[in-house]
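**Q** Questions regarding the structure given below will be posed in turn.
The values are calculated or read from the model by the stated rules, or taken from the named source; none is laboratory data. Predicted model, so just to flag it, every value in this text is computed and none were measured. So basically every Cβ, Gly included, is an ideal-geometry build from the backbone, and we count neighbours across all protein chains shown. Note: areas computed on protein heavy atoms with side chains; ligands, DNA, RNA excluded. Shrake-Rupley method; radii C 1.70, N 1.55, O 1.52, S 1.80 Å.
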Amino acid sequence: MELDIQFSSVLFYGSAALVSVFLAVCAILIAISSRYPIIMRSRKEKYFMDPNSGKFVEFPSIYDNSSIHLSVIIPAYNEEVRLSPMLDECVAFLEDRAKDGRFKYEIIVVSDGSVDNTVLVAKKYCKQLGVEKFRILELETNRGKGGAVRLGMLSARGALLLFADADGATKFMDLSKLELSLKNELTGDYLQQPEVLASKTCIVVGSRAHLQSDAVAQRSLFRTILMHGFHTFVWMFTVRDIKDTQCGFKLFTRKAAVMCFDSLHVERWAFDAELLLIAKKLHIPVTEVAVNWTEIEGSKLVPIWSWLQMGKDLFVIWLRYQIGAWDIAAQKKE
């Protein structure tokens, strides 16, 4: 009888302690969090250099009307080795499409505080193509992939905006698959009516989910468990209808990009999941398209640590929205 009473007491006080800790954590998160994102950008980061003239020109704003068909945003942190092959494939695809003179595009490489020759590699393409087609945004400090993608998006002119990883793991020709999905979703062609499509909302995400069985076969049991654990966290805390939230190949209409990146809080690896959570909360249509993907050596992710870190970040993202520490900036404007 005494043991039962002691056990009940321990259980009661233990539960009370856990609840107290949880409430304290929530109170701290509310106190230290900015409800809406504060987007910091230095004066230098608002300009790009024309390497042919040596002049600095101010970037346009995503809040202006679109003036070209497509902007391609490529976040790059110390990517001097992997960037050239990716850009070769990207430029070849876009230049072939632009042969008739009607299709207009731009590539924006965002150097995320790189300390290697990433910027020098990008400048070669800028000199070759000119700043109407190729621009470099140099961030003074490393912000993280999400922060780099956001500032690239906020500097873009396209009716549609694609962000693509610098490693070239996804075949760039698969852009056509994403465009077709968006065309079917919005029943319109941005190549014919760029202004109309720019004003609508839609996101198309490239997906590697169809490759999962092959990936499992090549991974150790421990890494497979971690992978499934991360997917479970995504399902629990962010979105449930997207099988692959992390593929670095996502296409946005201009309006969808404004709404999502205005509201984005996370600037590091878990930003993809928050983006899709924001889209869900704003009722923005999201479609998922299988893409060709090959693992490229040189990833900045440390498998075990990065997955655990992202798992923690996913929980914190969910918790901050649940307790009102974070909110959607686009809803505030409405």
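**Q** Could you estimate the translational diffusion coefficient of the stretch 147-209 from the Stokes-Einstein equation, with Rh from the Kirkwood formula over C-alpha pairs, at 20 °C and 1.002 mPa s, in whole µm²/s?
**A** Numbers: Rh = 12.9 Å.
Stokes-Einstein gives a translational diffusion coefficient of 166 µm²/s.
**Q** Between Glu132 and Ala17, 0.36 nm times their residue separation minus their Cα-Cα distance comes to what? Numbers along the way, then the final one.
**A** Numbers: separation 115, 0.36 × 115 = 41.40 nm, distance 6.03 nm.
Difference between extended and current length: 35.4 nm.
**Q** Would you give the gap between the C-alpha center of the stretch 29-71 and the C-alpha center of the stretch 142-171, rounded to a whole Å?
**A** First find each Cα centre; the distance between them is then 12 Å.
**Q** So, one more: Can you give me the accessible area per residue for the chain, using a 1.4 Å probe, in Å²? Please report the intermediate quantities before stating the final value.
**A** Values: 16770 Å² over 334 residues.
Here the per-residue accessible area is 50 Å².
**Q** If you don't mind, there's one more thing I want to ask. Over the chain, what is the mean sequence separation of C-alpha contacts under 8 Å (at least six apart), divided by residue count, expressed as relative contact order in percent? Show your work: numbers first, answer last.
**A** Numbers: 547 pairs, mean separation 73.6, N = 334.
Once divided by the residue count of the chain, the mean separation gives 22 percent.
**Q** In square nanometres, what is one fourth of the surface area of the convex hull spanned by the alpha carbons of the stretch 63-207? Mind showing how you got there, number by number?
**A** Working: hull surface 33.2 nm².
The number I arrive at for the stretch 63-207 is 8.3 nm².
**Q** Give me Rg over Rh for the stretch 12-147, both radii from the alpha carbons and Rh done the Kirkwood way, two decimal places. Please list the in-between numbers first.
**A** Details: Rg = 21.2 Å, Rh = 17.8 Å.
We get a ratio of 1.19 for the stretch 12-147.
**Q** For the chain, with a Gaussian network of springs between Cα atoms less than 10 Å apart, report the residue from Ala159, Ala98, Ala122 with the top mean-square fluctuation.
**A** Per the Cα network of the chain with a 10 Å cutoff, Ala98 tops the list.
**Q** Once fully extended, how much extra length lies between Leu319 and Asp96, figured as 0.36 nm per residue of separation less the alpha-carbon to alpha-carbon distance?
**A** In short, 75.6 nm is gained.
**Q** Report the residue, chosen from Ser181, Ser207, Ser20, that carries the largest GNM mean-square fluctuation when the chain is represented by alpha-carbon nodes joined by springs under 10 Å.
**A** Ranking Ser181, Ser207, Ser20 by mean-square fluctuation puts Ser20 first.
**Q** Please compute the modelled spin-label separation between Glu80 and Ala290, points set 7 Å along Cα→Cβ, answer in nm with one decimal.
**A** In this crude spin-label approximation the distance works out to 4.0 nm.
**Q** Hey, another quick one. Within the accessible area of the chain, what % is carbon and sulfur when the probe is 1.4 Å and the other protein chains stay in place? Working shown, then result.
**A** Numbers: 9630 of 16770 Å².
With neighbouring chains kept in place, the figure for the chain is 57 percent.
**Q** Let me ask something additional. Given a 10 angstrom Cα cut-off, can you work out which residue in Ser61, Ser114, Ser15 is the most mobile in a GNM of the chain?
**A** Greatest mean-square fluctuation among the candidates belongs to Ser15.
**Q** Specify the angular offset, from 0 to 90 degrees and rounded to the nearest 10, of the alpha carbon long axis of helix 303-322 from the longest principal axis of the alpha carbons in the chain.
**A** 80
**Q** Relative to the longest principal axis of the chain, what angle (0 to 90°, nearest 10) does the C-alpha long axis of helix 83-97 take?
**A** 60
**Q** Shifting gears a bit: Using square roots of five times the C-alpha gyration tensor eigenvalues, list the equivalent-ellipsoid semi-axes of the chain in whole Å, biggest first. Mind showing how you got there, number by number?
**A** Values: eigenvalues 295, 97, 84 Å².
Ellipsoid semi-axes (Å, largest first): 38, 22, 20.
**Q** Nearest 10 degrees, 0 to 90: what angle lies between the long axis of helix 254-263 and the longest principal axis of the chain (Cα atoms)?
**A** The two axes meet at around 40 degrees.
**Q** In the chain, what % of DSSP beta bridges are antiparallel (nearest 5)? Can you show the working numbers first?
**A** Values: 12 of 35 bridges.
Counting only bridges with both partners in the chain, antiparallel ones make up about 35 percent.
**Q** To the nearest 20 debye, what charge dipole does the stretch 1-159 have about its Cα centre, counting +1 at the Cβ of each Lys and Arg and -1 at the Cβ of each Asp and Glu?
**A** Details: 20 positive and 19 negative charges, 151 e Å.
My answer is approximately 720 debye.
**Q** Here's another thing I want to ask about it. Please state the relative contact order of the stretch 91-169 as a whole percent: Cα pairs under 8 Å, 6+ residues apart? Mind dumping the intermediate values first?
**A** On the way: 70 pairs, mean separation 25.3, N = 79.
Across the stretch 91-169, relative contact order equals 32 percent.
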